[in-house]
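In what follows, a structure is listed as structure tokens, so that the remarks can point back to it.
The values are calculated or read from the model by the stated rules, or taken from the named source; none is laboratory data. What you are looking at is a predicted structure, and each value in this text was computed from that prediction instead of being measured. Here Cβ is always computed from backbone atoms with ideal geometry, including for glycine, and neighbour counts include all displayed protein chains.
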Amino acid sequence: MFTRPENMRMYWKELMHQCVEIGIGSLGIVIIISFFMGAVSAVQTSYQLVSPLIPLTTIAQIVRDTVILEFAPTVVCIVLAGVVGSKIASELGNMRVSEQIDALEIMGINTKSYLIMPKIAACLITIPMLVVLSMVLGIVGGRLAGAATKILSTDTYDMGLILNFVPYNVFFALVKAYTFSFIISSIPSYYGYYVKGGALEIGRSSTKSVVVSCVMILFADYVLAALLLNK
Amino acid sequence: MIFYNPLKYLESKKNSAGWRIWGMIEFKNIRKSFGEKVVLDDVSHVMETGKANLIIGQSGSGKTVLQKCLVGLFEPDEGEIIYDGMSFTDMNVDERKELRQQIGMLFQGSALFDSMTVEQNIMFPLDMFTKNNFRDKLKRVNEVLARVNLEGVNKKYPAELSGGMKKRVGIARAIVLNPKFLFCDEPNSGLDPQTSMVIDKLILDITREFNMTTVINTHDMNSVMEMGENIIYLFEGKKEWTGNKKDIIFSKNERLNNFIFASEFLQDAKDMRMLEAKGKISDDRDMDELLKGDKLD
């Protein structure tokens with residue numbers, strides 16, 4: 001896979017194309033799920049905090065930390081494994097079955113390098129950006145839901161956000177985002193590139209790639225948490 | 001570059017008989033199996049320059065596998081493939097990449113890139129391997145589209161084209177870099193007889209015009225009779241017969257005859273052709289009368 005590109009300009013063009021497909025293409029779903037994740041976690045946290053001794057700012061802290069540590073990187077990446085992963089696997093699978101990959105090989109193009117590398121690179125560039133966006137939108141969603149349901153005022157929420165903030169959590173979330181981005185792009189690429197058969201097999205390999213990616217994301221989530229959060 | 005040493009380069013231009021030939025493909029003792037199943041067994045032949053070289057045989061006889069071995073999509077288990085005197089089997093990745101820019105291929109399903117327009121499809125090899133500006137590339141695209149009689153479809157997507165048009169776009173893309181070798185995998189599959197003839201004629205004309213070595217996989221008898229200048233007939237993975245379209249008529253190979261003249265009508269036509277060649281029947285024969293009669297011997 002790691003050979004000198006035949007034409008750097010074409011690889012760059014393909015990378016930009018994939019960034020648009022993966023990054024911009026997933027923007028809508030990421031915005032929607034992030035916003036509602038934050039909103040729901042604010043409402044549910046307030047429902048569970050029954051003691052009057054616990055300050056309302058705690059709701060904002062819990063929303064902030066759950067969104068940054070888990071919801072934004074893990075849940076968003078699991079959703080992206082479905083959206084982006086199935087797209088990558090079916091695109092490559094269709095190219096394989098319809099001999100488009102063979103056509104590129106015959107032209108003298110390193111197909112693994114030309115077709116897979118830009119997808120992995122595009123995921124590594126765009127998915128962490130989407131995760132950061134998801135963090136912000138999740139927190140904003142919690143703020144709006146808290147104010148709309150009169151659970152806590154926006155001022156209280158804002159105060160809770162800055163209390164006991166640990167910047168390391170953002171670093172940890174980004175480490176997870178990069179790891180999951182690689183999983184989301186590489187596993188479907190493998191299943192798509194090596195598919196054999198016809199339309200049915202493309203569907204099967206696409207489904208399998210999403211399932212394997214989700215399991216690997218959860219496994220990697222546990223390993224990273226054990227390695228990086230274990231005091 | 002493929003050729004680093006000038007002496008080795010000149011030496012490489014000799015075939016096994018010592019003749020220097022450009023654009024020739026020679027394969028020796030090719031053997032390929034998938035698991036227990038032997039698909040190609042000791043197949044050797046020479047594909048000649050400037051000719052339409054046909055690989056014919058029934059479905060499952062190993063035609064496609066042989067062609068895929070020749071272009072490097074499959075690695076043969078044994079044997080040697082020689083392009084222009086250079087062993088393709090021994091080439092490293094970079095040398096193969098260099099050689100492949102001399103190869104064009106028309107796939108059975110055309111293998112056009114779905115997400116690209118006709119113009120982008122044909123321009124793709126130019127974008128990848130040349131430093132020409134857009135105007136020059138567009139000029140070349142229009143030239144090859146005109147050559148395959150398909151002007152004015154630049155902005156259409158493959159899904160908007162008919163089967164015959166897709167094949168012609170596939171041919172245009174295959175020849176856009178002026179390759180020395182053209183491979184066609186069942187160019188007529190899925191086409192009506194009239195369109196098939198147009199595609200066959202186009203491939204033959206291009207082969208002669210650019211003096212290319214064209215290798216065609218087919219089991220279409222019209223193609224065999226139209227283009228068969230150098231034919232290899234495969235039967236169960238082995239080379240059964242070799243010759244040209246004229247030799248087929250007079251061949252006594254039973255397997256070949258059963259394959260080529262599968263219908264009774266074609267068998268009768270062959271018999272008549274043989275009698276005509278021997279001067280036993282005249283050109284102004286009554287076809288209906290002859291076909292009504294007993295089988296000729």
ask   = Any idea which of (1) within 19 Å of the chain's Cα centre (by Cα); (2) crowded, with 19+ Cβ neighbours inside 10 Å; (3) not aliphatic (A, V, I, L, M) is the one B:GLN108 doesn't satisfy?
value = (2)
query = Before we move on, is B:SER162 in the same structural domain as B:ASP84 (by TED's automatic domain parsing), under 25 Å from B:SER61 (Cβ atoms) and among the polar types (S, T, N, Q)?
reply = no
remark   = Here the residues within the stretch B:234-257 that are over 19 Å from B:MET47 (Cβ atoms) and under 17 Å from the mean Cα position of the chain (by Cα) are none
remark   = If you go through A:GLY93, A:GLY108, the only one that is modelled with pLDDT of 95 or more and within 14 Å of another protein chain (Cβ to nearest Cβ) is A:GLY93
inquiry  = Whether any residue in the stretch A:88-95 is under 16 Å from A:SER209 (Cα atoms) and β-branched (Val, Ile, Thr) is what I want to check.
reply    = yes
Options B:LEU150, B:LEU126, B:LEU112: the member that is of a type in the set (A, V, I, L, M), more than 26 Å from B:LYS238 (Cα to Cα) and away from every other protein chain (no Cβ under 14 Å) = B:LEU150
ask   = Looking at the stretch A:45-60, which of its residues are surrounded by 14 or more Cβ atoms within 10 Å (Cβ to Cβ) and not small (Gly, Ala, Ser)?
value = A:THR45, A:LEU49, A:PRO55, A:LEU56, A:THR57, A:THR58, A:ILE59
message = Out of the residues in the stretch B:81-97 meeting the condition of being within 8 Å of another protein chain (Cβ to nearest Cβ) and modelled with pLDDT under 85, tell me which one is nearest to the chain's Cα centre (by Cα).
response = B:LYS97
